[in-house]
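For reference, the structure is listed below as structure tokens.
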Amino acid sequence: AATDTILSLNNIEVIYDHVILVLKGVSLTVPRKGIVAILGANGAGKTTTLKAISNLLKAERGEVTKGSIVFDGERVDKMSPSELVRRGCIQVMEGRHCFGHLSIEENLLTGAFTRRDGNAAIKRDLEKIYELFPRLKQRRNSQAGYTSGGEQQMCAIGRAMMSKPKMILLDEPSMGLAPQIVEEIFEIVRRLNDKEDVSFLVAEQNTNMALRYATYGYIMETGRVVMDGEAKMLRENEDVKEFYLGVA
Ligand code: ATP
């Protein structure tokens, strides 16, 4: 059943290596077609939160030990990453993670691996990605490892789009990119949200940029949500300005 909420986390606890309690009861919701930001300093638990949703913690000896996660009306806490992708929830990891030795186009095509709707549909969607990302079209035959950081971030997002997601979990898209490129990336996020109805949960240290594009934000500190609210409210909040926006 389609409700107004696409994702909700209820009191999620994550432990690494059986003893290190890193998420201490995180709750958050993402409205359908929303753009929601998770903000906070390095180490606050943003990446862990995204990986808890997409079930990518096992490789790091992490485990969700409490709470529940509902995506698109269904409990997903025990689902494998690829089952989640098939249901429409995909993560774009921090650091972009393109296959450096493959071309941009080959990278995009790897994003279609969970699909069962045939080559014609995949080809059509590839063309759509090229419309949305003209830069990727120009660079389609370039080896990804030799493209710019911004192009690799676009490639990672474009590859995620090839799975036909309802929701993208986007980890630190601004990392290592010049401000103008970061702006370009967030404009793409806005366009995908607007034109393709993709919901976004974006983890960002760049509070300023994230709050310009998100409608709602959660601020994390040491494994807890310490504040949340409409992006506009957070941008004007004195504590947020002082601690996260660098303007006292
Ligand atoms: P970043 O901006 O670096 O991604 P973050 O807010 O996403 O920061 P996390 O990466 O989720 O934070 O880390 C949260 C806490 O969990 C940190 O204290 C970190 O040291 C710890 N941590 C992360 N991964 C592991 C792991 N595999 N084993 C033990 N502790 C970990």
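The values are calculated or read from the model by the stated rules, or taken from the named source; none is laboratory data. The shown structure was predicted, so the numbers you read here are calculated from the model rather than taken from an experiment. When we count neighbours, we look across all protein chains shown, and the Cβ atoms used for this are built from the backbone with ideal geometry, even at glycine.
Side notes on the structure shown:
- Of all residues in the stretch 184-221, those satisfying the criterion of being closer than 17 Å to Arg235 by Cα and within 15 Å of the ligand (Cβ to nearest atom) are Val202, Ala203, Glu204, Gln205, Asn206, Thr207, Met209, Ala210, Gly217, Tyr218, Ile219, Met220.
- Qualifying residues in the stretch 41-64 (those that are under 15 Å from the mean Cα position of the chain (by Cα) and of a type outside the set (A, V, I, L, M, F, W, C)) - the one farthest from the ligand (Cβ to nearest atom): Asn55
- Only residues that are near the ligand (Cβ under 10 Å from one of its atoms) and either small (Gly, Ala, Ser) or in contact (Cβ under 8 Å) with a residue 12 or more places away in the chain (or both) were counted in the stretch 8-28, giving 7.
- Just one of (1) within 13 Å of the ligand (Cβ to nearest atom); (2) of a type in the set (Phe, Trp, Tyr); (3) free of Cβ contacts under 8 Å to residues at least 24 places away in the same chain fails for Phe243. It is (1).
- The condition of being touching a residue at least 12 places away in the same chain (Cβ under 8 Å), assigned to a helix (DSSP H, G or I) and within 16 Å of the ligand (Cβ to nearest atom) does not hold for Ala160.
- Selection of first residues in the stretch 103-131 that are without any contact (Cβ under 8 Å) to a residue 24 or more places away in the chain and of second residues that are surrounded by 13 or more Cβ atoms within 10 Å (Cβ to Cβ), restricted to Cβ pairs under 7 Å at least 6 apart or on distinct chains, gives the following pairs, ordered by first then second residue: Tyr130/Leu136; Tyr130/Lys137.
- Considering the stretch 99-112, the residues that are touching a Ser or Thr at 6+ places or on another chain (Cβ under 8 Å) and either assigned to a loop (DSSP other than H, G, I, E, B) or at pLDDT below 90 (or both) include one that is surrounded by the most Cβ atoms within 10 Å (Cβ to Cβ), namely Gly111.
- Test for Pro173: is it under 15 Å from the mean Cα position of the chain (by Cα), within 16 Å of the ligand (Cβ to nearest atom) and crowded, with 16+ Cβ neighbours inside 10 Å: yes
- For the stretch 108-128, a residue qualifies if it is within 18 Å of the chain's Cα centre (by Cα) and within 11 Å of Lys164 (Cα to Cα), and the qualifying residues are Gly111, Ala112.
The rows are residues; the columns are (1) more than 16 Å from the ligand (Cβ to nearest atom); (2) closer than 22 Å to Asn206 by Cβ; (3) crowded, with 18+ Cβ neighbours inside 10 Å.
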site	(1), (2), (3)
Gly118	yes, no, no
Lys128	yes, no, no
Phe133	yes, yes, yes
Arg139	yes, no, yes
Gln143	yes, no, no
Glu151	yes, yes, yes
Lys166	yes, no, yes
Leu169	no, yes, yes
Val182	no, yes, yes
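- Hits in the stretch 49-68 - residues which are among the β-branched types (Val, Ile, Thr) and free of Cβ contacts under 8 Å to residues at least 60 places away in the same chain: Val64, Thr65
- Looking across the stretch 78-98, the residues that are away from the ligand (no atom under 16 Å from the Cβ), in a loop (DSSP other than H, G, I, E, B) and closer than 25 Å to Glu204 by Cβ come down to Gly88, Cys98.
- Looking only at the stretch 29-38, and only at residues there that are in a strand (DSSP E or B) and more than 9 Å from the ligand (Cβ to nearest atom), the one that is surrounded by the most Cβ atoms within 10 Å (Cβ to Cβ): Ala37
- Hits in the stretch 222-248 (condition: of a type outside the set (Ser, Thr, Tyr), touching a strand residue (DSSP E or B) at 6+ places or on another chain (Cβ under 9 Å) and outside any helix (DSSP H, G or I)): Gly223, Arg224, Val225, Val226, Met227, Asp228, Gly229, Glu230, Asn237
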